[in-house]
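Here is the structure we will look at, set down as structure tokens.
The values are calculated or read from the model by the stated rules, or taken from the named source; none is laboratory data. Note that the coordinates shown come from a computational prediction; the quantities given were computed from them, not determined experimentally. Neighbour counts run over all protein chains shown; Cβ positions are idealised from the backbone, glycine included. With ligands, DNA and RNA removed, areas are computed over all heavy atoms of the protein, side chains included. Shrake-Rupley method; radii C 1.70, N 1.55, O 1.52, S 1.80 Å.
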Amino acid sequence: MRLEPKPAPSLAVTLSFPLAAIVTTLVLTSILVLVAGASPLSVFYLVAKGAAGSQFALMETLTRATPLIFTGLAIAVAFRARLWNIGAEAQLYMGGIVTVALGTGALPLPSFILIPVLMIAAMAAGALILLGPAVLKTRFGVDEVVTTLLLNFIVLLFVSMLLDGVLKDPMGLGWPQSQKVIAEAQLPRLIQGKRLHYGFVIAIAAAAVVWVITKKTLLGYEMRAVGHNAEGARFVGIPVNRVLMKTALLSGGLAALAGFSEVSGLKGNLTLDLSPGYGYTGIVVAMLAMLNPLGVVASAIFVAGIFVGADAMSRAAKVPSYIADVMVATSLLTMVVAILLTRFKIRWR
Amino acid sequence: AEPIKVAAVFTVPVEQQWVSRIHKAANAAKDRGEIEYVYSENTANNDYERVMREYCEAGHKLILGEVFGVEDAARAVARDYPDVAFLMGSSFKPDPDLPNFSVFDNYIQDASYLSGLVAGALTKSKNIGMVGGYPIPEVNRLMNAFMAGVKEVAPDTRFQVAFIGSWFDPPKAKETAFAQIDGGADLLYAERFGVSDAAKEKKVLAIGNVIDTQADYPDTVAASALWHFEPTLDKAIAEVKAGTFKADDYGVYSFMKNGGCSLAPLGTFEGKVPGEIKAKIAEKEKAIKDGSFTVAVDDSEPKSS
Amino acid sequence: MDALDILFSASFWVAAIRIASPLIFATMGELICERAGVLNLGIEGIMTAGAFAGWFTVYAGGDLWTGLVVAALVGALFGLLHATLTVPLGLSQHVVGIGVTLLATSLTYFTYRLLLPEVTSPPKIEPFQPWPVPGLSKIPVVGEALFTQTPLTYLAFLSVAVVAWTLYRTPVGLAVRAAGENPSAVEAQGISVTGIRMGAVVAGSALMALGGAFLTTSAFNSFFFQMINGRGWICIALVVFGSWRPGKALIGAILFAAFDAYQVRLQQISGGIVPYQVFLMMPYALSILALILVARRATYPKALMIPYQKGER
Amino acid sequence: MSSTPVLRLSGISKRFGPLRANDAISFELKRGEVIALLGENGAGKTTLMNILFGHYVADEGTVEAFGTPLPPGDPRAALNAGIGMVHQHFTLADNMTVQENIALGTQSLWSPRLDRSAARRRIEELSADFGLAVDPAATVATLSVGERQRVEILKALYRDARILILDEPTAVLTPAETEALFRTLKLLVAKGLSIIFISHKLQEVMAVSDRVLVLRAGKLVGERETASTDRRELAALMVGQEVKPAEVNPARLGAPLLTLDRVSTAPHNGAGLADVSLTLTAGEITGLAGVSGNGQAALAALLSGIRRPTGGRISIADREVTDWSPRAALAHGIARIPEDRHAVGTIGDMSVTENVIAEHYGSPRFSRMGFLNWKAARRFAEKIIADYDVKCPSPEARIRLLSGGNMQKLILGRALDPDPAVILASQPTRGLDVGAVAYVHRMLLAARDRGAAILLISEDLEEILALSDRITVMSAGHLSAPSARGERSIRELGELMAGHSGEHSDHAA
Ligand SMILES: Nc1ncnc2c1ncn2[C@@H]1O[C@H](COP(=O)(O)OP(=O)(O)OP(=O)(O)O)[C@@H](O)[C@H]1O
Ligand SMILES: Nc1ncnc2c1ncn2[C@@H]1O[C@H](COP(=O)(O)OP(=O)(O)OP(=O)(O)O)[C@@H](O)[C@H]1O
Ligand SMILES: [Mg+2]
Ligand SMILES: [Mg+2]
């Protein structure tokens, strides 16, 4: 079996394969629903309704997409330079830590100053925690897949420690949770009474900025060169280690914004379950988008929509709610195959 | 009458001890035909509010759950659905401005205290191991009451306290228990799944918590402090039915005097617990029920001694 | 007991070896995959599926060994999925790995809930019992630590020997290593890179599943959600720590487990002065430290994470 | 010599997208025969051999070995039929031993044990029989290029190959190694093997082959008995016109532009530099001859800026440089043509445009305030493509898809663009066809005539002799005293290269 590149696929082809992926996912999910003893016929309808069938559903989908856009961008930036950052989860929590450390009254500033300050501080924290693995990679040749992965555990335990200690909410009755951030530190909701908040807007803006960086700037060029051939990049005078450092800072900072936005926009405080694996899902989001920053927005909304829709479907169809994750996983795997098939033809022999 | 539509939103699987008691009570009410019952388990706090809203939209009249990490969001939902009754596990107090939102918690310190009396009598090495998930009030409270019970009988007992940083890692809990046995413990307070298994393997004793596991460990689990959610739930169902549901603290329905907790029958250990202790248990139980003795509610983190 | 006594007690080493056992299986599994050039991030999910499949087989009436076989088969099946997507199709090993983890985990939970809808306490099975090796188990400390374990632990050690023998002493092992170093060398010698890599991922995934099954049929006796709790990710670190060599990875697994067993015991004697999280962090932090020390000397498989397409320019 | 064909290709065609890499090619190979396959870069030689060996599947046509057709796309079938191939880019696993590389795939995959002692014996036998000395226990990464090639040939012989395909085997060999290879080939032919030999070096083709096939743009355009043709005819067949060697004007020396004063470096792909002093003068080509691994790579790395000296001084235009990096080297006007155009010279998956601006992307020419000026970049790419006659689909094409010669032209264009003061040319014509070689030579001579100081590092003595105004020989990290054009004979140079003379220009340590 071999793959052959297709000459510039037509729009119909480009669209038909992802569509087929979604249909395949629905069919597979329907089978599971059938096995669970419920009617599979309405699965599609229920998923669509749950993901975007009402203003509420749509807002929920976008709310969930928000942190995924940030972590997806973080991964896209890093992977472009072949910096295998599996630690967006840790960076996200660092963002959360800083947001509550400074946002619970330590800085009595008006909102329009405080929020940018919090964002910058959060980014700095996330950047710093990824800088460690980046330095270890460039100076000592330590594999960053492993160090960033291990840091996820360490940072989560660190959060747990802070929530038992200095960041513990004195009014929290002993629960491992922080105080709420002050009103000035909160991102307003986009629509009154809905959960969607300005973090989403910031995420879109971040995607645009990252797009400009990767496509238009010297740094974007350098990152790509380093990603494709570090030795060659070094030869032509690109400061490879410095580029990796900058990439790490940008990537860690973006992931940290996810933590900032979840705390400041959605939860109000920091808990141990701030993220149900957004850092890992970010990898999926970024790769579905083929590392394109604007694509990240679309793929984050897609992944969030599948989850929210399938979760609602599980309740409506009365099947175990774990089917939502099954569906996310299936759609992810079928989708990457579909993307491949839009660009390559499979030749047997 | 029409059964009441009840929905529960749990942040952990229904096997988890704490939630299993709520689930059991709800299933019992369902079997009695009083309610229709659906639930979502293992719901992340991130999704909690959405799931609540979906249930409200779907026409459920009573929502059960545990909102320890999502207090504000849950109350916001309650505000948006004034016709739905909410009975939520929470460490906070009810708010009269939010008349449809009541709270409960597992105040079973009474039973834990009694189980401590048993433990104090049975430990020979005067060294007790305790393995917890996280040091939160719901856990600390029971551990402290248990320790108070032990000290009542055996004041010079040492305690080894460990938290494994997870609600769900029985192998880890088991390893931790092994370590405590290595450290001299001959009796374990089994706050987590896994601890009794270690006790069984190493032939030491265990005290159960929230649920009764003696059937699985007949030679190991000497006593258990049981939580009964039925009084709490039945009260709420009655209020909803009567249309009189209001903001209230249902915590008291977990108290022994209200039948919310009990010391499990000693069962296989009936003959092994000294008579004087049994008498003491009976005496304390009576005092608790008639209000002449109250077990202190102490939510601070227990430490090894 | 003080901090040093612990290290010389047999029960501590018994615990260390027991904690290491599932890690050993899964680490060997990951090592095979990576040696063939495929990073298998599906490990966490495959371990979950293996844990459930093995346990449920026994719960449904099968014997313990049948449970292991079923676990391995289920692992192999997810491995096949991973391999199909990453090897002939050459899809990103990161995405597929995370996708397989998510799929295996959620499918397992879904299946668990379907098969056991109304349980209020986790059902139990009769797990593997410790089986002291006659004679050897009587050796003080070392004998006790190594030879008073369950048969599954012995199997874990055996798996290291088998993996090491296969990689270094058999033609197929040679092909696996070469596929991870330079796939075109394999193709040029008339061996299908696709076949070798897929085979390695499938076999490795079966081993990972055994690691999962160890938790439910030996270390414990029932299945829980989130049971693997990051152990799979640890194994990925252990492979790197072991410089992709079975023997070194074994030592890594035992060291890691020893740290883990040690921190549990230290927690008991520290009297709660040090936050318990610090102890829990210890194994991870020390792993990073260890990686820094070994990194310079490690020679990783050159073609790791690089998909191979026949006839690609 | 028997006349039964051992191999027959009939009507082989292969397209890559719109490109016809092979177009209806047919020929036969006889027992004990050596066929040379000639053609420009990109003519389709490697493609044809890859089809024959089963790496690629032909769109049309069949391959027959010893009278039986080979299934397409199956290297194992080709191996079993007795075909062995030494690829243009070696297919060895670097971190494994010679023996492991050779034994790979020779035993049934499922046999329970590698038969290591038997393998070792057989390798030693073959080494002895065919003059292919190499230590079976050595790790491939530690071997020289010549040794690796011997391993590749051993791989084929170990499997009893009857037909051996060698794709540009001499491109990376030293003259001595090349001679050794030819001796081995003679032994093989004597044992009845048939050989297909690809090379761009016409004198080699004349020396070893019985018959010559010439490919041009995917078509078989000529077939000659070696005995009845000559280099000029073959060159003309290949290129479609006559190739004139570059003309050399007398040198007009200028000021010294770059001086190394007792510079030492750490080892780099072979020996490091030991107390090397060297001056590059404007308007002059300094040729550096030597057996590879003697420090040429270290010198190239040093001048490229990717390695820093561990001792001694570098001065450029009489000023000592303190900070040394690729960027510094570029800033000081050093143009670099690297030895390995795939690994470091280009970034294969980036476009032609992105590659040609790589050395100057940050200059005001291509950027403003941190943003790239893609328009200017593209204009520059188009200019180089036009000026250097680069064959490529578009400036947006991935550079990986270009043939070696075209890639080299782009690198040349990039390096020579703003008239550099100093040019470092490492193996600038390795693997290039005669036409491309002449082109590169002309460009280098033109740069010298404009006043650039050029250091030419090459293992091809003919090239050194043809271009250099001054020749120096490197051996074990030391430089010989330079000699002027024509001053030393090939033999004398050869002796210096072998390290037979204590004559070093270095100051006594
Ligand atoms: N599938 C992949 N897996 C891993 N890394 C990848 C993958 N695709 C691209 N990359 C990395 O991402 C970086 C940029 O990729 P690419 O060459 O596609 O950039 P681009 O052409 O600018 O992208 P786009 O198509 O979005 O414009 C490179 O460093 C490359 O190594
Ligand atoms: N896999 C491929 N995909 C696309 N184009 C290819 C591929 N392989 C070869 N080509 C193209 O086919 C043509 C013939 O290439 P080939 O490698 O056979 O040339 P060659 O005669 O061996 O050249 P050289 O002397 O440089 O080795 C070239 O234009 C090359 O770019
Ligand atoms: Mg070629
Ligand atoms: Mg070539």
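With every protein chain kept in place and ligands, DNA and RNA left out, what is the accessible area per residue of segment B:168-299? Probe 1.4 Å, answer in Å².
Computed with neighbouring chains in place, this is 38 Å² per residue.
Between segment B:187-222 and segment D:264-313, what is the separation of their alpha carbon centroids in Å?
75 Å
What FRET efficiency would be calculated for the residue pair C:Ser9, B:Thr244, taking the C-beta separation as r and a Förster radius of 60 Å, to the nearest 0.05?
For C:Ser9 and B:Thr244, the calculated efficiency is 0.45.
Can you list the residues of segment C:168-206 that have at least 50 square angstrom less accessible area with all protein chains present than in their chain by itself, probe 1.4 Å?
So the qualifying set is C:Arg169, C:Pro171, C:Val172, C:Leu174, C:Glu181, C:Ala188, C:Gln189, C:Gly190, C:Ile191.
Quick check: from the Cα gyration tensor, does the protein assembly as shown come out rounded (a/c under 1.5), prolate or oblate?
Prolate.
Find, to one decimal place in angstroms, the Kirkwood hydrodynamic radius of segment D:349-419, where the mean of 1/r is taken over every pair of different Cα atoms and then inverted.
Taking every pair of different Cα atoms in segment D:349-419, averaging 1/r and inverting gives 12.0 Å.
Just to compare against my own numbers: the Cα pair-distance distribution for segment A:35-86, 10 Å bins, whole % per bin, please.
Binned Cα distances yield the sequence 22, 26, 24, 22, 5.
In Å², nearest 100, what accessible area do chains A and D bury in total when the solvent probe is 1.4 Å?
Roughly 2300 Å² of accessible surface disappears when A and D pair.
Could you tell me what percent of the accessible area of the protein assembly as shown is made up of carbon and sulfur, with a 1.4 Å probe and every protein chain present?
60 percent
Take every DSSP beta bridge with both residues inside the protein assembly as shown and express the antiparallel ones as a percent of the total, to the nearest 5.
The antiparallel fraction comes to roughly 40 percent.
If amide H atoms are built 1.01 Å from N in the plane of the peptide, which residues on other chains or at least 5 residues away come under 5 Å of the amide H of D:Leu258?
Under 5 Å from the amide H of D:Leu258: D:Leu280, D:Ala317.
Could you work out the Rg to Rh ratio of chain B, with Rh taken as the Kirkwood radius (inverse of the mean 1/r over all Cα pairs)?
Ratio value, two decimals: 0.99.
For segment B:214-305, count all C-alpha to C-alpha pairs, find those more than 23 Å apart, and express that count as a whole percent of the total.
For segment B:214-305, the fraction of Cα-Cα distances above 23 Å is 45 percent.
Work out which residues of segment B:129-146 lose at minimum 30 square angstrom of accessible surface when the other protein chains are put back, relative to the chain isolated, with a 1.4 angstrom probe, and list them by number.
B:Tyr134, B:Pro135, B:Ile136, B:Pro137
Which parts of segment A:195-223, residue by residue, lose 20 Å² or more of accessible area when the rest of the protein chains are there, as against the chain isolated (1.4 Å probe)?
Residues shielded by partner chains are A:Arg195, A:Lys215, A:Lys216, A:Thr217, A:Leu218, A:Tyr221, A:Glu222.
On average, how many beta carbons from a partner chain sit within 10 Å of the beta carbon of a residue in C:151-164?
Counting other chains' Cβ atoms within 10 Å and averaging over C:151-164 gives 0.
Of B:Lys151/B:Lys289; D:Lys30/D:Lys186; B:Lys151/B:Lys286; D:Lys45/D:Lys383, which sit over 25 Å apart, Cα to Cα?
The pairs that break the limit, which is 25 Å between Cα atoms, are D:Lys45/D:Lys383.
Rounded to two decimals, what is Rg over Rh for chain C when you use alpha-carbon atoms and the Kirkwood radius?
Ratio of gyration radius to Kirkwood radius: 0.99.
Excluding ligands, DNA and RNA, what is the accessible area buried between chains C and D, summed over both sides, using a 1.4 Å probe, to the nearest 100 Å²?
2600 Å²
Ignoring ligands, DNA and RNA, how do B:Tyr55, B:Tyr81 rank by accessible area with a 1.4 Å probe, largest first?
B:Tyr81, B:Tyr55
Hey, if we sort C:Arg18, D:Arg224, A:Arg139, D:Arg231 by accessible area with the 1.4 Å probe, largest down, what's the order?
A:Arg139, D:Arg231, D:Arg224, C:Arg18
Given 37 °C and 0.692 mPa s, compute D for chain A with the Stokes-Einstein relation, Rh being the Kirkwood radius over Cα pairs; round to the nearest whole µm²/s.
155 µm²/s
Run the reach check for A:Lys246 against lysines, Cα to Cα strictly under 19 Å, same-chain hits fewer than 8 apart removed. What comes back?
The qualifying lysines are A:Lys137, A:Lys215, A:Lys216.
Rounded to the nearest 10 Å², what accessible area does D:Phe366 show when all protein chains are kept and the probe is 1.4 Å?
0 Å²
Any chance you could look up the accessible area of C:Met282 with a 1.4 Å probe, heavy atoms only, rounded to 10 Å²?
Answer for C:Met282: close to 50 Å² accessible.
Name the residues of segment C:66-105 whose amide N is less than 17 Å from a point 7 angstrom out from the Cα of A:Trp348 along the C-beta direction?
C:88-89
Between beta-carbons, use under 14 Å as the cut-off and find the net charge around B:Ser305, counting Lys and Arg +1, Asp and Glu -1.
+2
Taking R0 as 41 Å, what FRET efficiency do you get between A:Lys215 and C:Leu286 from their Cβ-Cβ distance, rounded to the nearest 0.05?
0.45
Over chain A, with a Gaussian network built from C-alpha contacts below 10 Å, which listed residue (A:Ala225, A:Ala12, A:Ala51) shows the highest mean-square fluctuation?
Result for chain A, Cα springs under 10 Å: A:Ala12 fluctuates most.
Over chain C, what relative contact order in percent results from Cα pairs under 8 Å that are six or more residues apart?
Averaging sequence separation for qualifying contacts and normalising by length gives 36 percent for chain C.
Quick one: check the C-alpha center-to-center distance for segment B:5-78 versus segment B:79-125, whole angstrom.
If you average the Cα positions of each part, the centres end up 16 Å apart.
Roughly how large is the A-C contact in terms of buried accessible area, totalled over both chains, probe 1.4 Å, nearest 100 Å²?
Chain pair A/C: roughly 4100 Å² of buried accessible area.
When the solvent-accessible surface of protein heavy atoms is calculated with a 1.4 angstrom probe, in what order do D:His89, D:His342 fall, highest first?
Highest to lowest solvent-accessible surface, that is D:His89, D:His342.
List the lysines whose Cα sits under 24 Å from the Cα of A:Lys168, skipping any in the same chain fewer than 8 residues away.
Cross-link targets: A:Lys180, A:Lys267, B:Lys93, B:Lys303.
Give the long-range amide H neighbours of B:Glu66: residues separated by 5 or more places, or on another chain, with amide H under 5 Å away, using H modelled in the peptide plane at 1.01 Å from N.
Amide H to amide H, under 5 Å and 5 or more residues apart or across chains, B:Glu66 pairs with B:Val9, B:Thr11, B:Gly89.
Under 24 Å between alpha carbons, and skipping anything fewer than 8 positions from C:Lys124 in its own chain: which lysines qualify?
Within the straight-line cut-off, C:Lys124 pairs with B:Lys24, B:Lys172, B:Lys174, B:Lys200, B:Lys202, B:Lys203.
Using θ = phi - 60° and the Karplus relation 6.51 cos²θ - 1.76 cosθ + 1.60, list the HN-Hα couplings for segment A:45-51 in order, rounded to whole Hz, with x at every Gly or Pro.
For segment A:45-51, the Karplus curve yields 4, 5, 5, 4, 5, x, 8 Hz.
Round to the nearest 10 and report in Å² the accessible area of D:Lys191, as given by a 1.4 Å probe over the protein chains' heavy atoms.
120 Å²
Round to a whole angstrom and tell me the spacing of the C-alpha centers of segment C:147-179 and segment C:62-94.
18 Å
Hey, with R₀ at 41 Å, roughly what FRET efficiency would C:Glu126 and C:Ile269 work out to, going by the Cβ-Cβ distance, to 0.05?
After rounding, the FRET efficiency stands at 0.75.
Under a 1.4 Å probe, what is the accessible area of segment D:265-382 per residue, stated in Å²?
Per residue, segment D:265-382 has 40 Å² of solvent-accessible surface.
Provide the per residue accessible area, probe 1.4 Å, for segment D:5-239, rounded to a whole number of square angstrom.
39 Å²
Taking a quarter of the surface of the Cα convex hull of segment D:5-239, what do you get in nm²?
12.8 nm²
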